[in-house]
Amino acid sequence: MEEITYLEKPNLNKPYLIIGFEGWPNAAEVSSFALQHLIDSFKAKKFASIPTENFYQISSLRPMAVIKEGRLLELKFLGNHFYYVKNPLFHNFILFYGTEPHLQWNIFADLVLDLAEKFDVPQIFTIGGTYDYIPHTYPPMVSALFNHEELREKVIELGLGLTEYSGPISIHTFILEKAKKRGVKAVSFWGHAPQYLQTRNVKVACSVLKKLMEWIKIEIDLSELENASHYFEEQVNHLVEQDPKLQEIISKLEEVYKRSGKISHPSHHEEGTKEDKVVYIQAFLKKMEDEEKKEG
């Protein structure tokens, strides 16, 4: 039986548990970027880990190596780590940053929820990212999925979209269902990134963090993320100005958005090809990033 490995067992007062995963539910790196920002902002301390050996197919998620001049300096394995934040001015927190498992979801979710039970966690939050047919010219959409009817009013109050979906699920939904059976309230925040911008989207991650901070009534400094969001948007707008085809695609998305107020999937003809919309933008943003590094 898998067990959590503890570095220490901190004394926490009813901490909220905030969860993020790399992998399938991490579109535009919304989940991983948001969790890393929380860990850094709170100066959170790692205190426990979930062993990885039996949860992943190593051929699909390979270890990373650092090799210099023919010498193996380091071999890095993926990690699933818990961090804690203890501050008398606001809620205590447990932050979990991991990679969505390939195997044994039941056991993995039970390990997370066992830890939540051990620390008397009153509520669980997960953060995910999804690609959607939404124009970048509008404020990012953040939707929510909850496992207890009492949470509905709060979701609506914060202006979060109510998730409507039918299809394959992520580990987030699985955890919410298992938490419900244990009587633990949980809500999943999803940042919707434009489908044609398949690269790290700081703007969407920042919007998700703002909604999360509103929910739990604390403040963290997001000014750096907001500045990065503005810069990101400027670069994307610059690219769009040079591409009439992309302008047409975005214009159609804007029309759909204005008419319905909801995200709607355009026809295949309206979409254009994935290569036209994604690869070019990734190449452009990579070029800008390389130029920044050279200037630095």
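Taking the numbered list (1) at pLDDT below 60; (2) under 27 Å from GLY23 (Cβ atoms); (3) among the charged types (D, E, K, R) in turn, GLU270 passes all entries but (2). The condition (being at positive phi, out of contact with any Ser or Thr (no Cβ under 6 Å at 6 or more places or on another chain) and modelled with pLDDT of 95 or more) is satisfied by just one residue among ASP120, ASP110: ASP120.
Are any of the residues in region 116-128 in contact with a His (Cβ under 8 Å, 6 or more places away or on another chain) and assigned by TED's automatic domain parsing to the domain that holds LYS203?
Scanning region 116-128, I find at least one residue that is in contact with a His (Cβ under 8 Å, 6 or more places away or on another chain) and assigned by TED's automatic domain parsing to the domain that holds LYS203, so the answer is yes.
Looking across region 141-158, not a single residue is crowded, with 20+ Cβ neighbours inside 10 Å and farther than 22 Å from ILE169 by Cα. The number of residues in region 143-197 that are touching a Phe, Trp or Tyr at 6+ places or on another chain (Cβ under 7 Å) and without any contact (Cβ under 8 Å) to a residue 24 or more places away in the chain comes to 1.
Total residues in region 225-248 satisfying the condition of being touching a His at 6+ places or on another chain (Cβ under 9 Å) and charged (D, E, K, R): the figure is 1. I'd like to check something: does region 9-25 contain any residue that is small (Gly, Ala, Ser), in a strand (DSSP E or B) and surrounded by fewer than 18 Cβ atoms within 10 Å (Cβ to Cβ)? No, because not a single residue in region 9-25 is small (Gly, Ala, Ser), in a strand (DSSP E or B) and surrounded by fewer than 18 Cβ atoms within 10 Å (Cβ to Cβ).
Yes or no: region 119-134 includes at least one residue that is over 17 Å from the mean Cα position of the chain (by Cα), of a type in the set (A, V, I, L, M) and under 28 Å from TYR56 (Cβ atoms). Yes, some residue in region 119-134 is over 17 Å from the mean Cα position of the chain (by Cα), of a type in the set (A, V, I, L, M) and under 28 Å from TYR56 (Cβ atoms). No other residue among THR163, THR130, THR126 is among the hydroxyl-bearing types (Ser, Thr, Tyr) and surrounded by fewer than 20 Cβ atoms within 10 Å (Cβ to Cβ) apart from THR163. Taking the criterion of being modelled with pLDDT under 95 and within 21 Å of GLU29 (Cβ to Cβ), the residues of region 78-97 that qualify are LEU78, GLY79, ASN80. Selection of first residues in region 50-64 that are in the same structural domain as LEU95 (by TED's automatic domain parsing) and of second residues that are buried (at least 17 other Cβ atoms within 10 Å of the Cβ) and of a type in the set (Gly, Ala, Ser), restricted to Cβ pairs under 9 Å at least 6 apart or on distinct chains, gives the following pairs, ordered by first then second residue: ILE50/GLY98; THR52/GLY98; LEU61/GLY23.
The values are calculated or read from the model by the stated rules, or taken from the named source; none is laboratory data. If you're wondering where the values come from, they're calculated on a predicted model, not measured in any experiment. Please note: Cβ atoms are built from the backbone with ideal geometry, for glycine as well, and neighbour counts cover all protein chains shown.
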